[in-house]
1. Please find, among Glu123, Glu129, Glu32, the residue that is more than 15 Å from the ligand (Cβ to nearest atom) and touching a helix residue (DSSP H, G or I) at 6+ places or on another chain (Cβ under 8 Å).
2. Within region 65-74, how many residues turn out to be surrounded by fewer than 17 Cβ atoms within 10 Å (Cβ to Cβ) and touching a residue at least 40 places away in the same chain (Cβ under 8 Å)?
3. Determine if region 83-90 includes at least one residue that is in a strand (DSSP E or B), touching a helix residue (DSSP H, G or I) at 6+ places or on another chain (Cβ under 8 Å), of a type in the set (Val, Ile, Thr) and more than 12 Å from the ligand (Cβ to nearest atom).
4. I need a count of the residues in region 18-48 that are of a type in the set (A, V, I, L, M, F, W, C), over 16 Å from Val151 (Cα atoms) and in a loop (DSSP other than H, G, I, E, B).
5. Determine which member of the set Asn94, Asn106, Asn173 is modelled with pLDDT of 95 or more and away from the ligand (no atom under 16 Å from the Cβ).
6. Look through Gln77, Gln95, Gln105, Gln48 and report the one residue that is surrounded by fewer than 15 Cβ atoms within 10 Å (Cβ to Cβ) and in contact (Cβ under 8 Å) with a residue 60 or more places away in the chain.
7. Which pairs do you get when a residue that is farther than 24 Å from Gln171 by Cβ, found in region 126-151, comes within reach of a residue that is assigned to a helix (DSSP H, G or I) and near the ligand (Cβ under 6 Å from one of its atoms), reach meaning Cβ atoms under 8 angstrom, with the pair 6+ apart or on two chains?
8. Quick one: which residue in Ala143, Ala176 is surrounded by 12 or more Cβ atoms within 10 Å (Cβ to Cβ) and not assigned by TED's automatic domain parsing to the domain that holds Ala53?
Amino acid sequence: MRIDIITLLPELLDSPFSHSIMKRALSKGLVEIHLINLRDYATNKQKQVDDYAFGGGAGMVMMIEPIDRVITELKLQRSYDEVIFLTPDGERFNQGIANQLSIQQNLILLCGHYKGVDQRVREHLISREISIGDYVLTGGELAAAAMVDCVVRLIPGVLSDETSALTDSFQDNLLAPPVYTRPAVYKDWKVPDILMSGNHTDIDEWRHQQSVDRTRRLRPDLLGDE
Ligand code: ADE
């Protein structure tokens with residue numbers, strides 16, 4: 001998979017992709033991430049990428065021209081499955097969308113800033129608008145980092161034990177069951193006996209029941225019985 005991220009703050013995205021599973025996915029060639037500085041596509045000397053809003057009001061608006069130039073250039077090189085704009089008023093990101101995106105070949109992510117982008121970008125250049133939650137960040141970069149992290153770990157071969165993504169919380173609309181490791185007793189806090197029983201049928205059943213109970217208690221909306 002190839003992901004092109006168009007941003008005004010490429011430095012902000014260096015670190016999230018340089019560690020652990022993301023770093024391994026990149027070095028194994030399972031994903032390519034290209035950070036593109038939108039300012040490089042500004043047309044005037046001042047490298048201006050934002051301007052006052054027509055009609056007045058506080059806040060600058062990202063201009064269409066540099067965004068059109070960069071997206072057009074990318075699209076001349078390959079075809080893209082989605083051109084995604086990260087924005088708090090987009091469709092709410094979830095595991096289902098992550099699953100869909102994880103089987104795509106080429107994605108463009110556009111990180112918003114300032115008061116927003118010229119509406120014509122959203123109408124003509126973008127195929128999908130995504131929010132990572134009902135809160136406002138200073139820009140789309142951290143949202144893009146969260147989204148890319150979530151999508152990349154689902155690409156086959158990225159996680160060493162492929163089943164581990166399948167048993168994540170949300171994959172089947174259930175929260176994950178609790179997990180434990182050694183020591184079996186710490187202070188007087190004990191690991192549930194069933195996990196020591198060696199009976200994998202009973203353990204699977206217990207885990208499933210724990211998932212259902214936790215989901216009912218913590219996220220009844222996932223079960224549709226809020
Ligand atoms: N940009 C600012 N806030 C955002 C959010 N919640 N999701 C996606 N992009 C954003």
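1. So the residue among Glu123, Glu129, Glu32 that is more than 15 Å from the ligand (Cβ to nearest atom) and touching a helix residue (DSSP H, G or I) at 6+ places or on another chain (Cβ under 8 Å) is Glu32.
2. Summing the residues that are surrounded by fewer than 17 Cβ atoms within 10 Å (Cβ to Cβ) and touching a residue at least 40 places away in the same chain (Cβ under 8 Å) in region 65-74 gives 1.
3. Checking region 83-90: at least one residue is in a strand (DSSP E or B), touching a helix residue (DSSP H, G or I) at 6+ places or on another chain (Cβ under 8 Å), of a type in the set (Val, Ile, Thr) and more than 12 Å from the ligand (Cβ to nearest atom).
4. Number satisfying all stated conditions: 1.
5. Details: Asn94 fails: away from the ligand (no atom under 16 Å from the Cβ); Asn173 fails: modelled with pLDDT of 95 or more.
Only one candidate qualifies: Asn106.
6. Matching residue, one of Gln77, Gln95, Gln105, Gln48: Gln105.
7. Hits for this filter: Leu137/Ala143.
8. Ala176
The values are calculated or read from the model by the stated rules, or taken from the named source; none is laboratory data. What you see is a predicted model, and the numbers here were worked out from it, not measured in a lab. We place every Cβ from the backbone using ideal geometry, glycine too, and count neighbours over all the protein chains shown.
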